[in-house]
Every structure is written in structure tokens, then in C-alpha cells.
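Asks: The structure follows.
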Amino acid sequence: MYLTFKQRKRFPRFVALSSAIILCAFILSACGGHESTSTEAAPPSSETSQTGQSDSNLTPIEEDYITFQDSTGRTITLKEQPKRVVVLSPEFLDLLNAVGGKAAGRMEASGVSIPEEAESVSSVGTVSQINLEQVVALSPDLVIGQPRFHKELVQSLESSGIPVALMSLSDYEDMKSKAEWMSRIAGTVEQLPAKLQALDDRVNDILAKLPGESPTFINLNVTPGGISIQKDGTSGLEIAKMLGLTNAAGELEASPNSPTTSPYSMETLVKQNPDYVFMIIHGQKAVGDKKIQEELESNPAWSSLGAVKNQKVIVVPSNLFLTNPGLHYDEALVYLAKLIYPEIFGDVQ
């Protein structure tokens, strides 16, 4: 973008008196009339600037392409549209492709599918173990990472002249806002409004069919290190709430080091006795399945849960519920809606 400037210069003209000043009374009596002793200033010139330069000689001032704050509050300024973007976050890799962009490099993510368009893109390591040398070798003009995993990369990359944005996604509205930002990065701003409107229409069609019931649920995070109960702060919880479900863990005490989770115990689970138990595996599915068998199914109290008796314990897909589904929000809603209200939405295939 360029700034437009108005140039103006006034050239006042003065009439010199040809003789000495004569007393006004004498002039009036001698000449018998009245004359102005000065003339109006000439109109402003539109062809010259204050320095006398013509418009064609002025150097326009160019604005930055985009300035924004990342999720850690850092301000990032890009002078030009980035052409080579390396994405270290599964959510933003999917979002970049969904808005019509393409990455120059990407991460690997266990348990989370890679967009088909990005499968051939150069890998720079896993989300939690990024190869810095491989990132630099791709000569990116922007790296998009996650606050949780990639803070330590910022200094090294920026010292190499590579801008880094640490970004996160929370709920549906935040996703749409980040999609607008991502479309600016991709240079596809004109395409996005139609995509967002189509997504809103699909989401609203789903929500309009809900029966108005409020079954309870609990989300269990299954990681190689253990199990936790999700209290708040994930798109998986929001998707369930959008479908009218009530989070039975909402009032539980938070974990000491994680305000969005609560410590897991079988006693807590039995006491809450939710209608549904949704389990989200972090990492390799085989490792998660083993953890479920060892810490949940092997406990005799597990079978006393109403959700277990009614076969309403479900391992949900990580790519729809572990990470923000982006422009696939409607797919996550339909998947869960089919599990809860099959008489309205049909069965999960």
C-alpha cells in the first residue's frame, strides 16, 4: 500500500509602490477615488510540492504488509507477504491449507492427520522435537509455531532473520479470526468470506436439529504419562457444549500445574457418573489403548459407570477433538452428534 500526499505551495505576489507614500487624505482629495494598494495571493499550485519538486519525483512511503500480535503478546511485522512459510503446528498447517495457502515446511504429528496437500512438503521433525537446522535450510520468511513447544526456537530463528509467530487456537470464533489472519498470510483474503459463510451455514443447520436435551459428559486425556480430566479450554469441550452437553468436570478442582485440567481418579469418575465418557488419545493410538486398558478397564469400579454399562464410552478422533478442527468444525459436530443423537443424525460410519 502507498500513502498519497497533497502538495501545495502558495506564491504570494506583491505590488511594489512606484513612489513614496503620500498621505491618504491628499490622495483621496487629489485623485477623487479609491484604489487597493495590494492584490490577492495566487491560488495554490497543484503541480509542485513544498520543496519545489514535482509529484513524479517524490518517493512513495510503503507500509508494512502486516503487523500483528501472536498468542504470547509479541509484535511481529512482515514487510512483504511471506512466500515461504514453515508451520510447526498441526492446527495451523490444516488452516493454512484450508484457506488456500501452502507451506514450505511442516512438522510431523503423531495421531493427527496431515492434509493431503501437505503430505509432500518437507518435514522438519515432530511437534515437540523440531530440527532447527532443517527449518533454517528451508529459508522461510515466516515460521508459525505453538507457545507450548516452540518458545525456545524464537531467539535462534530471529537471530537468523526469520520472523516467528507463536499461535494458538481456542474456540469457534477464535478459529474464524485466525482464519482471516491466515488468509492474509496466504494471500487468499478474497476467497475466505464465502468459505466462512458456508461453514456457518453448515454449523447452524446441525444446531437447528438438536432436541434440547442436556446429557452430561467427561473428556479424558489419555497420554503416555497418564490420564487427566479436561475442565476447560479445548475445542473438544466446546464442540460438546455446542451440541447441548454439560461438562460434568466443570466444577472439579484444577490440577496444580494445569488450570484447564483436573487430576484423574476412578473415585471422581464414579462420583460424577457422566452419561458419556469421551477419551482423546495424545500420541500413538497403540500406546493410548494400552494406557486405557491398564488404568481404566482393569479397575473393577470401571464397569459400574453408567456410560460403560450403556456403551457410551468412546475414543474420539484426535484430528477432530485433540486439535482445533478449523474449517472442519461441522465435521466434528456431526461426528459427535451421530454418537449422541443417532435417531436424528444417523449412525457413525
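The values are calculated or read from the model by the stated rules, or taken from the named source; none is laboratory data. Here the structure is a predicted model, which is why all the values come from computation and not from measurement. For neighbour counting, all protein chains shown are included, and Cβ atoms are generated from backbone atoms with ideal geometry for every residue, glycine included. For the accessible areas, the whole protein counts, side chains as well, though only heavy atoms, and no ligand, DNA or RNA atoms are used. Shrake-Rupley method; radii C 1.70, N 1.55, O 1.52, S 1.80 Å.
Asks: Could you sort H282, H150 by their accessible area in this structure, using a 1.4 Å probe and putting the largest first?
Replies: These residues rank, largest area first, as H282, H150.
Asks: Would you mind telling me the share, in percent, of accessible area of the stretch 240-305 contributed by carbon and sulfur at probe 1.4 angstrom? Let's see the in-between values first.
Replies: Numbers: 1750 of 3510 Å².
Using a 1.4 Å probe with all protein chains present, the stretch 240-305 comes out at 50 percent carbon and sulfur.
Asks: Send over the semi-axes of the stretch 120-263's equivalent ellipsoid, whole angstrom and largest first, taken as the square roots of 5 times the C-alpha gyration tensor eigenvalues.
Replies: After scaling each eigenvalue by five and taking roots: 33, 25, 11 Å.
Asks: What is the sum of charges around T246, taking Lys and Arg as +1, Asp and Glu as -1, for the other residues whose C-beta is under 15 Å from the C-beta of T246?
Replies: Summing Lys/Arg as +1 and Asp/Glu as -1 gives -2.
Asks: Here is a further query. Please calculate the 1.4 Å probe accessible area of R202, with all protein chains present, and give it to the nearest 10 Å².
Replies: Only protein atoms counted, so the area is about 100 Å².
Asks: Report the accessible area of K151, computed with a 1.4 Å probe over the heavy atoms of all protein chains in place, in Å² rounded to the nearest 10.
Replies: So the heavy atoms of K151 present about 120 Å² to solvent.
Asks: Write down, largest first, the equivalent ellipsoid semi-axes of the stretch 227-349 in whole Å, where each equals the square root of 5 times an eigenvalue of the alpha-carbon gyration tensor.
Replies: Equivalent-ellipsoid dimensions as semi-axes: 22, 18, 15 Å.
Asks: Here is a follow-up. Assign one of three labels to the stretch 145-193, namely rounded, prolate or oblate, based on the Cα gyration tensor with a ≥ b ≥ c the square roots of its eigenvalues; rounded applies when a/c is under 1.5, prolate when it is not and a/b is larger than b/c, and oblate otherwise.
Replies: Judged from the Cα gyration tensor, the stretch 145-193 comes out oblate (a/c at least 1.5, b/c at or above a/b).
Asks: Ignoring ligands, DNA and RNA, what accessible area per residue does the stretch 71-123 give at 1.4 Å, in Å²?
Replies: Accessible surface, normalised per residue, equals 44 Å².
Asks: Next question, about the same structure. Would you kindly derive the ³J(HN,Hα) couplings of the stretch 109-120 from the backbone phi angles with the Karplus curve 6.51 cos²θ - 1.76 cosθ + 1.60 (θ = phi - 60°), listing them in order in whole Hz, with x for Gly and Pro?
Replies: Whole-Hz 3J(HN,Hα) from phi for the stretch 109-120: 9, 5, x, 10, 6, 9, x, 3, 5, 9, 4, 8.
Asks: Tell me, what is the Rg over Rh of the stretch 75-169, with Rh the Kirkwood radius over Cα pairs?
Replies: 0.92
Asks: Using a 1.4 Å probe, what is the accessible area per residue for the stretch 234-349, in Å²? It would help to have the intermediate numbers written out before the result.
Replies: Numbers: 5590 Å² over 116 residues.
Accessible area per residue: 48 Å².
Asks: What is the distance in Å between the Cα centres of the stretch 113-133 and the stretch 67-100?
Replies: Their Cα centres are 15 Å away from one another.
Asks: Just to verify a number: what accessible area does V136 come out at with the full protein assembly present, 1.4 Å probe, Å² rounded to tens?
Replies: Around 60 Å² of this residue is reachable by solvent.
Asks: With the cut-off at 19 Å, tell me which of the pairs K151/K291; K231/K271; K285/K309; K271/K309; K209/K231; K231/K291 have Cα atoms farther apart than that.
Replies: K151/K291; K285/K309; K209/K231; K231/K291
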